[in-house]
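Before any comments, here is the structure.
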Amino acid sequence: MPDFSSASVAATLLVPGEHTLYSPQYVVTAGHVKGSSFGTTDISFGYKQNKYSVIEEHNHPSSMADIKTLRLNKLVTEVAPAIVSTSGAVNNAYNKNSIYTAFIDLVEVIKI
């Protein structure tokens, strides 16, 4: 069974489930997902009682890429981050549609 614990379970000013923890303090989401300048965006993973505040946003430098990262105010300890595969860097592995039916390249986002 897939482990979706790295997906958000609650979020203020944002819709839960639209954010994925890929590092203990960083979240990836779509660039068009907006918070609000009128308050702090809080995200929860695992349990709604544990809240993490977004303290930085980094949009992808290309306007063609609808992706951004969010930095949290502290390390998430309730769940493990999603495992980021690196097999696509070898022999175009991600082009094998029989194995990878859908894929988003996070390599450029992680560099930001």
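Net length available on complete extension from residue 63 to residue 92 is 8.0 nm, with 0.36 nm assigned per residue and the Cα-Cα distance removed. Each label point was placed 7 Å from the Cα along the Cα-to-Cβ direction; for residue 49 and residue 18 their separation is 2.8 nm.
Every number in this text was worked out from the coordinates using simple rules, so none of it is lab data. Bear in mind the structure is a predicted one, so any value in this text is a computation, not a measurement. All Cβ positions, glycine included, derive from the backbone under ideal geometry; neighbour counts span all protein chains shown.
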